[in-house]
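Some notes on the structure that comes next.
The values are calculated or read from the model by the stated rules, or taken from the named source; none is laboratory data. Because the structure is predicted, anything quoted here is derived from the model rather than measured. Cβ: placed from backbone, ideal geometry, glycine included. Neighbour counts: every protein chain shown. Ligands, DNA and RNA are excluded from the accessible area calculation, which covers all protein heavy atoms including side chains. Shrake-Rupley method; radii C 1.70, N 1.55, O 1.52, S 1.80 Å.
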Protein chains: 4
Amino acid sequence: MPEDVGTAAGTLYQDMRSAHLTPLWTLEGDIMSTTPRPKSRPWMWKWSTLYDIAERAGRSVPVERGGDRRAIALSNPGLGGLPYATNTLWAAVQWLNGREVAPAHRHTSNAVRFIIDGAGSYSTVDGDQVFLERGDLVLTPAWTWHDHGSISQERAIWMDGLDIPLNNYLDASFFEPYPKASQAPSGTLNGTVLKYGVGQMRPAWEKPSTSPPMSTYKWGDTERALTNLAQADASPFDDVALEFTNPHTGSAVLPTLGCWIQLIRPGVRTRAHRHTGSAVYLAFEGHGSTIIDGMRFDWGPGDMFVVPSWAFHEHWNASSERAILFSINDLPVVAGLGKYREQPFDQGDGHQNIAGAFDSKA
Amino acid sequence: MPEDVGTAAGTLYQDMRSAHLTPLWTLEGDIMSTTPRPKSRPWMWKWSTLYDIAERAGRSVPVERGGDRRAIALSNPGLGGLPYATNTLWAAVQWLNGREVAPAHRHTSNAVRFIIDGAGSYSTVDGDQVFLERGDLVLTPAWTWHDHGSISQERAIWMDGLDIPLNNYLDASFFEPYPKASQAPSGTLNGTVLKYGVGQMRPAWEKPSTSPPMSTYKWGDTERALTNLAQADASPFDDVALEFTNPHTGSAVLPTLGCWIQLIRPGVRTRAHRHTGSAVYLAFEGHGSTIIDGMRFDWGPGDMFVVPSWAFHEHWNASSERAILFSINDLPVVAGLGKYREQPFDQGDGHQNIAGAFDSKA
Amino acid sequence: MPEDVGTAAGTLYQDMRSAHLTPLWTLEGDIMSTTPRPKSRPWMWKWSTLYDIAERAGRSVPVERGGDRRAIALSNPGLGGLPYATNTLWAAVQWLNGREVAPAHRHTSNAVRFIIDGAGSYSTVDGDQVFLERGDLVLTPAWTWHDHGSISQERAIWMDGLDIPLNNYLDASFFEPYPKASQAPSGTLNGTVLKYGVGQMRPAWEKPSTSPPMSTYKWGDTERALTNLAQADASPFDDVALEFTNPHTGSAVLPTLGCWIQLIRPGVRTRAHRHTGSAVYLAFEGHGSTIIDGMRFDWGPGDMFVVPSWAFHEHWNASSERAILFSINDLPVVAGLGKYREQPFDQGDGHQNIAGAFDSKA
Amino acid sequence: MPEDVGTAAGTLYQDMRSAHLTPLWTLEGDIMSTTPRPKSRPWMWKWSTLYDIAERAGRSVPVERGGDRRAIALSNPGLGGLPYATNTLWAAVQWLNGREVAPAHRHTSNAVRFIIDGAGSYSTVDGDQVFLERGDLVLTPAWTWHDHGSISQERAIWMDGLDIPLNNYLDASFFEPYPKASQAPSGTLNGTVLKYGVGQMRPAWEKPSTSPPMSTYKWGDTERALTNLAQADASPFDDVALEFTNPHTGSAVLPTLGCWIQLIRPGVRTRAHRHTGSAVYLAFEGHGSTIIDGMRFDWGPGDMFVVPSWAFHEHWNASSERAILFSINDLPVVAGLGKYREQPFDQGDGHQNIAGAFDSKA
């Protein structure tokens, strides 16, 4: 029988506190919630804002050692000022002026870039130089040396996606500058693309690579895959959606980052569902809307938006042109650690009621 | 050439802030540190304190729906009041009075228990009832129903290890109470131990299981493995250290939790090293010291302590009796996501200079 | 001490024989040879012969139930009359007249086809209809329904590769005719190619497939991969050699069959090596020679030849045009079971002395 | 329209033969049978015969270089004089006199031994010396050095199981004698058993091993696993059956050989089934019968018998004592290459009608 619970417990809780102990029974609902309670909020950053800010940074801020990159990070308003797009994902817009060099370094964060406008810029990843063209996906896996440069007069602009939040959460950040500003590229331009870029063929003398063997997925192949798939099949929740994979293992492009490209066909409104794991989208082409937990996000080229974990979401292309979304997600982490769950929105026709449209000013 | 950087940049930064954008170049050192900067601190909780608090809770706090468990969580002083032992690990001492029932539930957090004193208590995991004996490791993988009970008059006490911090970080918490207080156990006591407990044999008609097939690793086998290994080999950093594994795949016992048992032989002082990933130790038997980043932690039976990511650590058994440490770690996550790094302490004889002894009161 | 070995042993051996027992010590060298002693011999079948025989069969032999296919099997002279190209591989030339149907069936043998001249013919594999074009590789994995047909007036001709010898060796043959002559194709022509034919992209809602997801590897992609690789890298033993892979796992196209395509660049003579595992080659384009255990095999378009296990072999393109070899091999079996060994020919410049040229009439 | 098929075809077939070509349509049923047609026959070798022959060989035949082992091979009467127990499996009884040494060698065949009477004998496998005791399973994976010796005056006797037929079929045999008769054993007796013999624990500093890390599975553990499993579960087809596994991967003990131990409980008659893959059994303890394709094989301790691919089989222990069967099989090959099929005997109560009892003299 508990003896005078009130007083005994009061003292007990004080003693716990001073001993750096916390009783589970006072907080179970908080730390073991019935369903996820993400702090990240659905949010959108408009291209006009992103471009304006990036262009002004391009004029006023040099790319130098220390900063190393002119990257401007989406900072989710739910995360209390942290410069992270979601709990696990860093996303940014990066601007490189013509003839500039973003100096070579390496880090334990995994990174991808999706090129909005390449304009004569290139990346060199562990010695392999690839020119960046609109729609290309470029990988810099953890601890690979990489620098970016430009041989033209024009600025380049792209979306960055990294696992910085996760890397920091896991207390696993290492960073090292390269001794020089740039790596000497190997003799063959686009060498890894030439060797491995047709995914169903592998140099016969090589073993499968657990890291994606090629640094770049060229837009020509990506678009062809989208166009082909559209003729054959589609998902009720994501329409014509493809994941970029390591063709040597079938796994996600990086151990902590998944990358998708999605074609939302004219007139298509997908069914809503929700799942664990968060994503950051770039509207790459066309116009459409994504409804997230009842709020409508209307997007056009260059807009970026976030779908947090366990938020219902559906895509809607009400136009007569194709719309294309690129996105990064943390599904390799969430699913890889056994934390994936999915639930269709099963009311009515599978579409959410729309409570309003997102306005970042509101 | 940047035009009037000062002013333009000032306005730029204001505009960024209001647009929920953050420039990488102002924070690179913070979010991409050269080496990890864990917030978790090396810390120790003495058995006398843990036992006293738990016993008082046992007298004054009932185990009821809502709390479900009389678990008292190690709360790392570096984590700003969060009830977590490290960034990724929950560790607690749990007390169950004789004849009590900790009601059945399930959750997406993975959990392990290491039994300090079983005293007639049992766990039922997805219908398989196992009696808890000193030194047993009991698993409750994500979303398995589990309840604990006792058929004796005595209290039971054990260490809990869960991935609650990670589960919450990933926005992946689901929790469900069982309709009744207890599950009906299947007919065979210790059924999974009987079927799978000799790890190198598998029922011939079954496929390997990606989740550990048995709920319990009995102390008898564990101790035998330690005693055997001590005759054959040891690690310079961890002495006679064994990882509990899923014998059907060779992987860690749970996707997010690793479990180790270590025998530090009399007179052995291991070499120091550091690596990414954090751990919580329970001194299970004997006396010794662990030196963490130059601070000496002297431990005896029941003490629990934390080694954060990238902290140098070495173990020292200066006594003439064997010392045994049980520990949980997040290495399946850290290594599984490609974030593992290790570095030996390579000064002198591989031992750190000891700057002082830990005192939780100091 | 052995008692009167001669007589005792004589009786002993008789008694063994009648008891169906055999002493190891009398045959060790035979059943445990120092190095492999394949019965399969290096051999070549000229295109002129293959075509002539096939054409005559096309005129005089109908394709009917029972035979099901007008396939003419390479029968290695070393195998004592068995209709097998090597110990493990079946290879054949198949001829399909215009408007003919080779009736639908399925079997546990894995099969591939490499198209020499498609001419309006198609294969339907588990409902997916693909038109066959020169250079296409078409798979019919074990137990998939498949039939071949033609919508033109012209004959089609291709190379078949199957694991029939292995399937029979393992006592694992099952065969079933389809209830009708042809399957009803699904609505989408080349459906699997459209869904999966860009190997580094996977429909985002699908799991990786352990069997190759697409039935056909189109020549356009194959040739592009060869041309690309030639700019970036090559093997000293196999020149510009690519293995067809399952892009969802990186493994060979079928569990028992590997497929390669090789470009031997003008002027290239590779270094010789030998390895366990056998292969059957089709000279697809151009002219060259392969030197096998010192014998020169001069080949041109359509010729087929065999390289047995552990035979030294090198390729030589003395012409000024590119030469392309397609081949099937049993390396997935040999390597998958841990039986792979490789040895470079390390005399002189790595080229064998040529003792003579192969002549099937000699 | 075929022109004068008879004559044209006749000449055609002649021309094919001389060109080493064979028409599929004349042999499809033979090379693509509807169901497997194994040449291996169900057969049994009685212990009295095996022991008598082995003992006489022990008296009259020395163990010397060249033969290397006093092994007497089960030679399946269906295999035309080949010294193989089944298409893929070599099985033998081996006799080692007291104080003898069977000299060290290595080969690419995988081998296992199951000890009938150890009597002071030992095996040294890659330097690890293990004493052989009744019921132990000892592995010598491909290309590991191994020699056998005895420190007693008594003879030892065991069952050998190797993949010699497969190794030869694949043209992959390599063999090498060790420079000396015996290897120098490492300091620790039974070293690998001590390190890895508790299968659910792995030295924490080691990676999982794709080859079984321990050379020996001790009978004590095996028997405990059987006794435990008997309390918890059983297979309708195989009763209390366990597969020996590599605890670091869950796979079969060797890439080409599976090993099972089965307890047929008193009074149990299993249901019949058939599957692809062959097996050789050793009746290790007790008495019982196995009915294979309707023929009853009555066995007692030491008897060995064969179940070919796709033969119906069931086990029957009509006695009041436990019966234990050890067996080797080729399922890792058959299943690993995708060739596994299984079918229950679904007439009546699942038991075959018994047409007669096997008699090797008949």
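Dipole magnitude for chain B: about 600 debye, using +1 per Lys or Arg Cβ and -1 per Asp or Glu Cβ, origin at the Cα centre. Which shape class applies to region B:222-333: rounded if a/c is under 1.5, otherwise prolate when a/b exceeds b/c and oblate if not, where a ≥ b ≥ c are the square roots of the Cα gyration tensor eigenvalues? In terms of gyration-tensor shape, oblate.
Note on residue B:265 and residue D:206: with the Förster distance fixed at 22 Å, the Cβ-Cβ geometry gives a FRET efficiency of about 0.75. Sorted from shortest to longest, the distances between the residue A:152 label points of this copy and the other copies are 4.3, 7.7, 8.4 nm, with each point 7 Å from Cα along the line through the beta carbon. Modelled label positions at residue A:65 and residue D:182, each set 7 Å beyond Cα in the direction of Cβ, lie 6.6 nm from each other.
Karplus-derived 3J(HN,Hα) values for region C:267-282, using 6.51 cos²θ - 1.76 cosθ + 1.60 with θ = phi - 60°, are x, 7, 10, 6, 6, 7, 8, 9, 7, 6, x, 10, 8, 10, 9, 10 Hz; glycine and proline are entered as x.
At a probe radius of 1.4 angstrom, the accessible area of region C:315-362 per residue rounds to 52 square angstrom.
Ordered from highest to lowest accessible area with the whole protein assembly present and a 1.4 Å probe, D:140, C:249, D:227, B:7 read as B:7, D:227, C:249, D:140. For residue A:284, the residues 5 or more places off, or on other chains, whose built amide H falls under 5 Å of its own are A:302, A:324, A:325, A:326. Surface analysis of region A:160-301 yields an accessible area of 30 Å² per residue, using protein heavy atoms and a 1.4 Å probe.
Classification of region B:35-149 by its C-alpha gyration tensor yields a prolate form. The axis ratio a/c (a ≥ b ≥ c) is 1.5 or more, and a/b outweighs b/c.
Computed with a 1.4 Å probe over protein heavy atoms only, the accessible surface of region A:8-53 comes to 48 Å² per residue. From zero outward in steps of 20 Å, how is the percent of C-alpha pairs of the protein assembly as shown spread across the bins? Pair shares across the bins are 9, 30, 38, 20, 3, 0. 3J(HN,Hα) along region D:295-309, derived from phi through the Karplus expression 6.51 cos²θ - 1.76 cosθ + 1.60 where θ = phi - 60°, amounts to 9, 8, 10, 8, 10, x, x, x, 5, 10, 8, 10, 10, x, 4 Hz, with x in place of Gly and Pro. Take residue B:357, push a point 7 Å out from Cα through the beta-carbon direction, and compare it with the same point in every other copy: 7.1, 7.9, 9.1 nm, smallest first. Measuring r between the beta carbons of residue A:131 and residue B:26 and using R0 = 22 Å, the FRET efficiency lands at 0.15. Here, P(r) means the percent of Cα pairs in each 10 Å bin from 0 to the largest distance; for chain C it is 5, 22, 31, 22, 11, 5, 2, 1, 0.
Taking chain A as a Gaussian network of alpha-carbon nodes connected by springs under 10 Å, the highest mean-square fluctuation of the residues A:197, A:66, A:250 belongs to A:66.
Note on residue C:143 and residue A:18: the model spin-label points, each 7 Å out from Cα along the C-beta direction, lie 7.0 nm apart.
All Cα-Cα separations within region A:166-274 were binned at 5 Å from zero, giving a P(r) of 2, 9, 14, 16, 17, 16, 12, 7, 5, 2, 0, each value a whole percent of the pairs. Near the amide H of residue B:43, within less than 5 Å, lie the amide hydrogens of B:306, all on another chain or at least 5 residues away, with H placed in the peptide plane. Contact-buried residues of region A:180-202, at a threshold of 20 Å² lost accessible area versus the chain by itself: A:188, A:194, A:195, A:198, A:199, A:200, A:201, A:202 (1.4 Å probe; DNA, RNA and ligands ignored).
Sorted from shortest to longest, the distances between the residue B:296 label points of this copy and the other copies are 7.1, 7.7, 8.1 nm, with each point 7 Å from Cα along the line through the beta carbon.
Rank B:317, B:87, B:228 by mean-square fluctuation in a GNM of chain B with C-alpha springs under 10 angstrom and give only the top-ranked residue. For chain B, modelled as a Gaussian network with Cα springs under 10 Å, the answer is B:228.
Run the accessible area of chain C with a 1.4 Å probe and give the carbon-and-sulfur part as a rounded percent. Carbon with sulfur: 52 percent of the solvent-accessible area. Each principal axis of the Cα cloud of region D:221-261 was evaluated for its coordinate range; sorted largest first, these ranges are 30, 22, 14 Å.
If you keep only loop residues by DSSP, which GluC sites (Glu not before Pro) in region C:29-126 have at most 14 other Cβ atoms within 10 Å of their Cβ?
C:64
Working note: Karplus 6.51/-1.76/1.60 with θ = phi - 60° gives region B:136-148 the couplings 6, 9, 10, 9, 10, x, 3, 6, 8, 5, 8, 9, 10 Hz, where Gly and Pro are set to x.
Between residue D:48 and residue D:353, what is 0.36 nm times their sequence separation minus the Cα-Cα distance? Round to one decimal in nm.
107.0 nm
Placing dummy labels 7 Å off each Cα toward the beta-carbon, the span from residue A:55 to residue A:224 is 3.6 nm.
Comparing C:283, C:73, C:204 in a Gaussian network model of chain C (Cα springs below 10 Å), the most mobile by mean-square fluctuation is C:204. Using a 1.4 angstrom probe on protein heavy atoms only, the contact between D and C buries about 7300 square angstrom of accessible area, both sides summed.
Interface burial in region B:250-273, defined as at least 30 Å² less accessible area with all protein chains than with the chain alone at a 1.4 Å probe, covers B:250, B:255.
Legend: mean number of C-beta atoms from other chains within 10 angstrom of residue C-beta atoms, peptide C:101-108, equals 2.
A 1.4 Å probe, protein heavy atoms only, puts the accessible area of residue A:287 near 110 Å². The amide H of residue B:111, built 1.01 Å from its N in the peptide plane, has B:140, B:142 as neighbours under 5 Å, considering only residues 5 or more places off or on other chains.
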